[in-house]
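Scroll down for the structure; my scribbles are underneath it.
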Amino acid sequence: MMKKIAFIGLGVMGYPMAKHLVNNGYQVTVYNRTVTKAKQWAEECSANFANTPKEASIDADIVFACVGNDDDVRQVALGEDGIFAGLKPGGVFVDHTTASAELARELNDIAIAQDKHFIDAPVSGGQAGAENGQLTVMCGGEQETFEKVQPVMAAFAKFSQLMGPVGNGQIAKMANQICIAGVVQGLSEALNFAQRAGLDADKLVETISKGAAGSWQMENRYKTMYAGEYDFGFAVDWMRKDLSIAFNEAKKHDAELPMTEMVDGFYEQVQQNGGNRWDTSSLISLLKAKD
Ligand code: NAP
């Protein structure tokens, strides 16, 4: 029988993710806080929208959500109009929001008490990954539940992995963001250094990207970083939200993040310079400004 799906949150990520589900033959009902966006999506996809998360979730086998932060997830999940109020026993709630592991465990406890299932499933791959259906999904939850949702997530994901119990998906995403912070700062310093020393950027990257210094950031962002263009995806505000989640988690495990803390301080400076919505590669702007 065809699975019925609900999708809550039609932002930069959710809008194309929900569309991929329709294109893969699922019957999808969406909810978005700003109703004009829900209407636009429903028209574009010839599918339904609901007026509350509860209404969207009634009858759904799987409810996906992709909203902002912990508080936003609580707002769409809990209360009389929330996802849990509509989701049937046996149904699965998959949260693609980047949020804390604690929130994931809290929602899982609620799901268990109601004979429902929960998976934390933050994604990486950015806007382009969502649009091309090429996201990577880091999941936490029960194996059996994961196996139920994995083929459905394949509509928008090139790879998904169960990282362990609920919360572990979020912890994997934190590790992902810790890596990105360091890589982007290293790349910013190298590019700024090379530019000031008079090297040809294309030649440099063509050469060193083939070796141990190569990275996704280097290949995909060096040109725009050189040009001082920072309008290519994941915003500094979102990054600082993700890093603060990682710092809280790291404290619990006595894991030191000295370089990540330093880079977070740089992102704070970018915000102070008005770069809240610039993408994460805007770290280089601080180095360019120092003349
Ligand atoms: P976005 O474009 O700002 O969209 C956020 C969505 O959540 C919108 O649909 C918004 O509704 C909804 N929302 C926010 N707060 C809400 C609330 N309190 N109640 C109901 N709905 C609410 O964000 P995004 O870029 O899609 O990111 C979504 C999540 O994915 C975030 O956790 C982000 O960290 C993560 N993520 C993003 C990227 C990326 O490159 N953008 C990459 C990986 C992970 P309205 O339309 O009404 O505002």
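When A18, A6, A38 are checked against the criterion of being touching a Leu at 6+ places or on another chain (Cβ under 7 Å), closer than 25 Å to E147 by Cβ and within 15 Å of the ligand (Cβ to nearest atom), a single residue qualifies: A18. Just one of (1) farther than 26 Å from D231 by Cα; (2) assigned by TED's automatic domain parsing to the domain that holds L257; (3) of a type in the set (F, W, Y) fails for F193. It is (1). Being among the polar types (S, T, N, Q) and over 28 Å from N132 (Cα atoms) holds for only one residue in S244, S160, and it is S244.
In the set (1) within 11 Å of the ligand (Cβ to nearest atom); (2) surrounded by fewer than 19 Cβ atoms within 10 Å (Cβ to Cβ), the condition left unmet by N23 is number (1).
Residues that are more than 16 Å from the ligand (Cβ to nearest atom), over 20 Å from T98 (Cα atoms) and modelled with pLDDT of 95 or more number at least 2 in the following helices (runs of 4 or more DSSP H) confined to segment 195-276: 201-208, 216-227, 258-272. Could you please let me know if E147 is of a type outside the set (K, R), at pLDDT 95 or above and assigned by TED's automatic domain parsing to the domain that holds E261? When the stated conditions are applied, E147 does not pass them. The single condition among (1) more than 12 Å from the ligand (Cβ to nearest atom); (2) surrounded by fewer than 19 Cβ atoms within 10 Å (Cβ to Cβ); (3) not hydroxyl-bearing (S, T, Y) that G167 does not satisfy is (2).
Just checking, which of E249, E268, E261 is of a type in the set (D, E, K, R) and crowded, with 17+ Cβ neighbours inside 10 Å?
Only one candidate qualifies: E249.
Applying the set (1) free of Cβ contacts under 8 Å to residues at least 12 places away in the same chain; (2) surrounded by 23 or more Cβ atoms within 10 Å (Cβ to Cβ) to A6 leaves exactly one unmet item: (1). Within segment 171-194, residues that are on the phi < 0 side of the Ramachandran plot sit with their Cβ atoms under 6 Å from residues that are acidic (D, E), at 6+ positions apart or across chains, in these pairs: M174/E249; Q177/D242.
Condition check: among the basic types (K, R), crowded, with 16+ Cβ neighbours inside 10 Å and in contact (Cβ under 8 Å) with a residue 40 or more places away in the chain. Does K148 satisfy that? It is true that K148 is among the basic types (K, R), crowded, with 16+ Cβ neighbours inside 10 Å and in contact (Cβ under 8 Å) with a residue 40 or more places away in the chain. V94 falls short on exactly one of the conditions (1) in contact with a Phe, Trp or Tyr (Cβ under 9 Å, 6 or more places away or on another chain); (2) touching a residue at least 60 places away in the same chain (Cβ under 8 Å), and that condition is (2).
The values are calculated or read from the model by the stated rules, or taken from the named source; none is laboratory data. Quantities reported herein were computed from a predicted structural model and do not represent experimental measurements. All Cβ positions, even for glycine, are placed from backbone atoms using ideal geometry, and neighbour counts span all protein chains on display.
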